[in-house]
Amino acid sequence: MIYFICRFFIFVGMKNIPIIEQAIKALGIESLTPMQEDTVNHATDKRDVILLSPTGSGKTLAYLLPLLVMLAERGKREGSYALVLAPSRELAVQVNRVFTSLKSGFGSVCCYGGHSMVEEKKSLQANDAVVIIGTPGRILDHIERGNLNTSSIELLTIDEFDKALELGFHEEMSKIIDLLPILNRRFLLSATDAKEIPQFTGVGRVLKLDYLDEKEELEERLDQVIVNSPQKDKLDTLYQLLCTFGGASTIVFCNHREAVDRINSYLVEQKVESEGFHGGMEQDHRERSLYKFSNGTANVLVSTDLASRGLDIPEVQKVVHYHLPVNEEAFTHRNGRTARWQSTGASYIILHGEESVPVYVSGNISTFEFPDYIPAPTRSEWATIYIGKGKKDKVNKIDIVGLFCKKGKLKGEDLGRIDVKDHFAYIAVRRKHVKQLLKLLQGEKIKGSKTIFQEAY
């Protein structure tokens, strides 16, 4: 840590160190990765930055921390300073959540499809957000409607830039950049090295930071296992495999939305704590599924490759490739969901008799041997409670904790992650207390008004 502070002093001066120290403390981490140090050290550099780093390496902090330095240098001036574009709703929400968790004192607004346009407009026009985060389509919509004043935006960050191009956001991003009159710096983040950066980005003098060679380090932390399925339909093999995991946090990857729905329904019927996740689901359903998996209510997330990039889902222990990925890049991104932040993980590839191990699967590979006895699925320790009030009702996390401890008779260790949305909230509670809790909270008020308390399904 001392080494980092010394390097930081050289580049940006003593006056800005506190904002980084505060952010690190707020996150509860002891030190930054070399990649994050690198980007922070170049925070006040005038060059555009292209950061190449594998999935799960901490790219979000690698651009948010330098942003804090730049905001501290800018001071308390009116108008938005930075725009962050993300290719998916989930990533936009996640980036905003991370930025808020830094407790910098700088405001942000998050804009994405499926969220209230009216509420976003109010937040944008309140003129107290210096950082705007959103998906390209929604951000462009706000600009063209006059809801977002871009006259003061100097910094543009495009997270998962390669994915944004892959999804066809060229036109939206090009139009947005044309509507940023004083844009003078760009951060492009990618998990793959593009052969050519499109001209519309306006990238000028470039500092390229390439950390893609960390892929080899990932492989060293990742156990790769082949699971042979006696049937072409792998459902039963998957079920038995998950039973042997003992409740470990697991993402099962499929190639099609229909497969996600089918597999998840089967697992739920078999009493596996599972949630589905794909782009065809309603936004609130997707958010609920992701939240229940992240807070430990669901042990298993069955997903398309939508969950393979960008999302910061902590402590995923195992990845299962139910379907073979379409290419090596997809395989790498899927595996990047586990073995994150220097931790270890395991990747399982289920193969039936007509399938073979892809040529791009390298490193040590073992074959899974099923035990003679397959245990029953492990029930999650946690359940998710839905609360029918949120930020717009002036409800915050402290209000929820106070109510659940005082009226619900719970202790702090009985409560898990809390997410407060605009009009509702979720909280993780130890499952053994749920029935008694809901009985005690029946008819209770929060912030002076009655609301709904129920288990989220």
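For region 426-438, residues that are out of contact with any Lys or Arg (no Cβ under 7 Å at 6 or more places or on another chain) and surrounded by 21 or more Cβ atoms within 10 Å (Cβ to Cβ) total 4.
Among all residues of region 330-350, there is none that is in contact with a Cys (Cβ under 9 Å, 6 or more places away or on another chain) and at pLDDT below 95.
Let's see how each residue does on (1) modelled with pLDDT under 85; (2) aliphatic (A, V, I, L, M); (3) within 22 Å of Tyr211 (Cα to Cα):
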| residue | (1), (2), (3) |
| --- | --- |
| Ile2 | yes, yes, no |
| Ile5 | yes, yes, yes |
| Phe8 | yes, no, yes |
| Val12 | yes, yes, no |
| Asn16 | yes, no, no |
| Ala23 | no, yes, no |
| Gln36 | no, no, yes |
| Asn41 | no, no, yes |
| Thr44 | yes, no, yes |
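Across region 74-113, the qualifying residues are those that are under 17 Å from the mean Cα position of the chain (by Cα), of a type in the set (Gly, Ala, Ser) and assigned to a loop (DSSP other than H, G, I, E, B), and the one among them that is surrounded by the most Cβ atoms within 10 Å (Cβ to Cβ) is Ala86.
Quick one: would you say Val401 is of a type in the set (A, V, I, L, M), surrounded by fewer than 18 Cβ atoms within 10 Å (Cβ to Cβ) and not assigned by TED's automatic domain parsing to the domain that holds Ser249? Spelling it out, Val401 is indeed of a type in the set (A, V, I, L, M), surrounded by fewer than 18 Cβ atoms within 10 Å (Cβ to Cβ) and not assigned by TED's automatic domain parsing to the domain that holds Ser249. A single entry from Val316, Val326 fulfils the requirement of being among the aliphatic types (A, V, I, L, M), buried (at least 22 other Cβ atoms within 10 Å of the Cβ) and either part of a loop (DSSP other than H, G, I, E, B) or not assigned by TED's automatic domain parsing to the domain that holds Leu61 (or both): Val316. Scanning region 255-275 for residues that are among the hydrophobic types (A, V, I, L, M, F, W, C), closer than 30 Å to Ser380 by Cβ, in a helix (DSSP H, G or I) and out of contact with any strand residue (DSSP E or B) (no Cβ under 9 Å at 6 or more places or on another chain) turns up nothing.
Against the conditions (1) assigned to a strand (DSSP E or B); (2) under 30 Å from Ala126 (Cα atoms); (3) of a type outside the set (Ser, Thr, Tyr), Leu207 satisfies every one except (2).
For region 343-354, what are the residues that are surrounded by 13 or more Cβ atoms within 10 Å (Cβ to Cβ), of a type outside the set (A, V, I, L, M) and closer than 12 Å to Lys234 by Cα? Answer for region 343-354, where residues must be surrounded by 13 or more Cβ atoms within 10 Å (Cβ to Cβ), of a type outside the set (A, V, I, L, M) and closer than 12 Å to Lys234 by Cα: just His352. Of the strands (runs of 3 or more DSSP E) lying entirely inside region 365-457, those containing at least 1 residues that are within 16 Å of Gly296 (Cβ to Cβ) and free of Cβ contacts under 8 Å to residues at least 24 places away in the same chain are 415-420.
Taking the criterion of being at pLDDT 85 or above, in a helix (DSSP H, G or I) and either assigned by TED's automatic domain parsing to the domain that holds Thr250 or buried (at least 23 other Cβ atoms within 10 Å of the Cβ) (or both), would at least one residue in region 297-305 satisfy it?
yes
Would you check if there is a residue in region 364-384 being outside the structural domain of Ser53 (by TED's automatic domain parsing), acidic (Asp, Glu) and under 29 Å from Glu120 (Cβ atoms)? No, that holds for no residue.
Residue check: Glu219 meets all listed conditions (1) in contact with a Gly (Cβ under 6 Å, 6 or more places away or on another chain); (2) modelled with pLDDT of 95 or more but one, namely (2). Regarding region 228-248, can at least one residue be identified that is modelled with pLDDT of 95 or more, part of a loop (DSSP other than H, G, I, E, B) and among the small types (Gly, Ala, Ser)? Scanning region 228-248, I find at least one residue that is modelled with pLDDT of 95 or more, part of a loop (DSSP other than H, G, I, E, B) and among the small types (Gly, Ala, Ser), so the answer is yes. Here's a check for you: in region 249-271, which residue that is at pLDDT 95 or above and of a type in the set (Gly, Ala, Ser) is farthest from Leu306 (Cα to Cα)? Per the criteria, the residue is Ser265.
Please verify whether Leu71 is under 22 Å from Arg185 (Cβ atoms), part of a helix (DSSP H, G or I) and not assigned by TED's automatic domain parsing to the domain that holds Ile418, treating the condition exactly as stated. Judged against the criteria, Leu71 is a match.
Any residue at all in region 311-322 that's under 23 Å from Thr384 (Cα atoms) and acidic (Asp, Glu)? Within region 311-322, one or more residues are under 23 Å from Thr384 (Cα atoms) and acidic (Asp, Glu).
The values are calculated or read from the model by the stated rules, or taken from the named source; none is laboratory data. Source: prediction; values computed, not measured. Using ideal geometry, Cβ is built from the backbone for each residue, glycine included, and neighbour counts are taken over all protein chains shown.
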